[in-house]
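The values are calculated or read from the model by the stated rules, or taken from the named source; none is laboratory data. Because the structure is a prediction, the values reported are computed rather than measured. We place every Cβ from the backbone using ideal geometry, glycine too, and count neighbours over all the protein chains shown. Side chains are part of the model used for accessible areas, which takes the heavy atoms of the whole protein and leaves out ligands, DNA and RNA. Shrake-Rupley method; radii C 1.70, N 1.55, O 1.52, S 1.80 Å.
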Amino acid sequence: MKVGDWCSRKTYPSYFNHAIGKPLTPRAKASLLQIVRSFSLDLQDTPIRHGKERAPRTLPRRFNPLRAFRVPPAIYRLIGPAPRVIDDKLWLKLLHAAESLEKPDLRSFQLGMYPFELVQAVATTWCLSGLRTDEIRRLRVGCIRSRMEDAFANESGESIPNDALCFLSVPVNKTGTAFTKPVHWLVGKRIEAWERVRPQQTLGLDPKTNEMVNFLFSFRGIRIAPEYVNGHLIPLLCAKANIPLRDAVGKITAHRARATIASALYNAPEGLGIGELGQWLGHKDLRSTQYYAKLHPTRLAKSIARANKNSRLIQVMVDPTAAAKGEPAIFYYLGDGAYCANPAWASCPHRMACLKCPMYVAKETAQLIEARDGILRLMQEVPLTDEEKSVAEGDVTALDRYIEKRKHVQTPQIPSELHIFNP
Ligand code: SF4
């Protein structure tokens, strides 16, 4: 099935024109199946009257919609978090364009219907606050606080610099209640600049809370239009930044800025955890947050490199025939042709400087085991402490310290008589 199938072109929104004829995404397929599922369940559960005389009827239960219209595993596997992050180079140019916006830019783009301070404040809020368009449109006058009472010091007791952050009150949104989030100080500065010149206006009705409120981004008593950011502001910023309106992922939209900021905060060297990020984005359910934050491959690579730094690959010899007979079957290589027959070698306190307990397999015996049929040679990754790492790298002082520390520590218990190789 493709985009536009079974749909009248007359009723099709024009902004989908570019996608007509393209295959549906796995997520769109799953949503369509869910719609049919819910519709069929409703028909089966809710009696519907056809004509005044007829009795209400339901659809006979000849099939189970949950089973008949379930998402096939092949499609389900293709659905996963895929934040539509804006390309880094384009995003930095957009940020710079929003920061350096000037009055002539508006005139050249025929966007003079709003005061410059309003456009500048909307642009900065869009770029730096990670809000949904609806939240931007419903911000209220006085939503910025330069300090929070409890923000004078962070957990480590250091004070947060005055010009680093300010606090933005976000109204009730589609998933959560009103909350306050820290944002870049420039957002506060630009909003305050707009509030200084904002003319007095009549209150407007907030459709989410049913309250009469003073909308921040309102001019002549009318809020900025829902399509203002996508239809006017982003083209203006793209023109100023001299970048295309689309990148490899698709059109640059208001919502993609939210994903880009969330991803940047999550992947920063000391970035936010998934819980903190969810709170910052105003999510009630952390499953929603994972759709905005994807671990960047370079951060993943750094974590793996960090993990590898403190681990070693150890050679292990496995005898499947002995394992089948219940005899010692796993032998860890200790060096110089010798092995350790302790299956819990990794937890032995002397593993880096073997004390040759009864489970020590000397070179000559080890050669006999190596000659057995069906022996497997494997590598096992073993985490090392910093001290063990120094010993493994040949640091003689560290080795002396290691031995000295453990000279009174008992060698491990033998699991059975069969494990005695060094009587
Ligand atoms: S002391 Fe025994 S258990 Fe520990 S490494 Fe040496 S042989 Fe293995």
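Quick grid of which residues meet (1) among the hydrophobic types (A, V, I, L, M, F, W, C); (2) open to solvent by less than 80 Å² (accessible area, probe 1.4 Å); (3) more than 27 Å from G250 (Cα to Cα); (4) under 38 Å from the mean Cα position of the chain (by Cα):
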residue	(1), (2), (3), (4)
V36	yes, yes, yes, yes
H50	no, no, yes, no
L59	yes, yes, yes, no
R62	no, no, yes, no
P65	no, yes, yes, yes
F69	yes, yes, yes, yes
A74	yes, yes, no, yes
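Among the residues of segment 27-69 satisfying the criterion of being among the aliphatic types (A, V, I, L, M) and outside any helix (DSSP H, G or I), which is farthest from Y291 (Cα to Cα)?
A55
Could you tell me which numbered condition N342 fails, if it satisfies all but one of (1) within 37 Å of the chain's Cα centre (by Cα); (2) polar (S, T, N, Q); (3) modelled with pLDDT of 80 or more?
All conditions are met except number (1).
If only one of T385, T365, T397 is in contact with a helix residue (DSSP H, G or I) (Cβ under 9 Å, 6 or more places away or on another chain) and on the phi < 0 side of the Ramachandran plot, which one is it?
Exactly one residue qualifies, and that residue is T397.
Looking for something of a type in the set (S, T, Y) and open to solvent by less than 70 Å² (accessible area, probe 1.4 Å) - is there at least one such residue anywhere in segment 352-369?
yes
Considering only residues that are closer than 18 Å to A338 by Cα and loosely packed, with under 14 Cβ neighbours inside 10 Å, which ones fall in segment 395-421?
L418
Need pairs with beta-carbon distance below 7 Å; first residue assigned by TED's automatic domain parsing to the domain that holds L355 and farther than 14 Å from P349 by Cβ and within segment 395-406, second modelled with pLDDT of 85 or more and outside any helix (DSSP H, G or I); sequence gap 6+ or separate chains.
L399/A353
For segment 306-351, which positions are of a type in the set (K, R) and open to solvent by less than 60 Å² (accessible area, probe 1.4 Å)?
The answer is R351, and nothing else.
Any residue at all in segment 361-373 that is touching a His at 6+ places or on another chain (Cβ under 6 Å) and at pLDDT 90 or above?
Scanning segment 361-373, I find no residue that is touching a His at 6+ places or on another chain (Cβ under 6 Å) and at pLDDT 90 or above, so the answer is no.
Give, as residue ranges, the helices (runs of 4 or more DSSP H) completely inside segment 70-138 that count at least 2 residues that are touching a residue at least 12 places away in the same chain (Cβ under 8 Å) and of a type in the set (F, W, Y).
Passing ranges, in order: 116-128.
Which of the following residues is under 15 Å from I314 (Cβ atoms) and either surrounded by 11 or more Cβ atoms within 10 Å (Cβ to Cβ) or in contact (Cβ under 8 Å) with a residue 60 or more places away in the chain (or both): R372, R377?
R377
Could you tell me whether segment 165-176 includes any residue that is at pLDDT 85 or above, surrounded by fewer than 20 Cβ atoms within 10 Å (Cβ to Cβ) and either of a type in the set (D, E) or not in a loop (DSSP other than H, G, I, E, B) (or both)?
yes
Considering segment 239-257 alone, what residues qualify as being in contact with a helix residue (DSSP H, G or I) (Cβ under 6 Å, 6 or more places away or on another chain), in a loop (DSSP other than H, G, I, E, B) and in contact (Cβ under 8 Å) with a residue 12 or more places away in the chain?
The answer is I243, D247, I252, T253.
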